[in-house]
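This report concerns only the one structure given below.
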């Protein structure tokens with residue numbers, strides 16, 4: 001089973017809310033996921049929660065991180081350094 005760490009859309013019309021999830025790569029974007037690893041609010045451009053330890057565990061098991069999630073992780077790390 002190929003696991004990806006990607007975003008899943010939640011919220012309502014014109015008010016998106018994204019979950020960062022570990023999911024089987026063959027599943028749909030908003031389909032069943034294995035674990036929720038964080039949340040992101042694009043309206044306020046802020047990371048609500050991010051479980052970096054769990055992301056590291058999944059990457060250690062062979063999961064691949066999508067480009068958009070990788071950008072969010074890097075942006076969150078840069079914000080914590082400041």
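See the values below:
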| read-out | value |
| --- | --- |
| Of the criteria (1) without any contact (Cβ under 8 Å) to a residue 40 or more places away in the chain; (2) touching a strand residue (DSSP E or B) at 6+ places or on another chain (Cβ under 6 Å); (3) surrounded by 12 or more Cβ atoms within 10 Å (Cβ to Cβ), which one residue 49 fails | (3) |
| Residues within the range 57-75 that are exposed (fewer than 10 other Cβ atoms within 10 Å of the Cβ) and either under 12 Å from the mean Cα position of the chain (by Cα) or outside any loop (DSSP other than H, G, I, E, B) (or both), tallied | 2 |
| Selected residue [more than 11 Å from the chain's Cα centre (by Cα) and either touching a residue at least 12 places away in the same chain (Cβ under 8 Å) or assigned to a loop (DSSP other than H, G, I, E, B) (or both)] from 31, 38 | 31 |
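Computed from the coordinates by the stated procedures, all read-outs in this text should not be read as laboratory data. The structure displayed is predicted, hence computed values, not measured ones. Cβ coordinates were reconstructed from backbone atoms using ideal geometry, including for glycine residues, and neighbour counts include every protein chain displayed.
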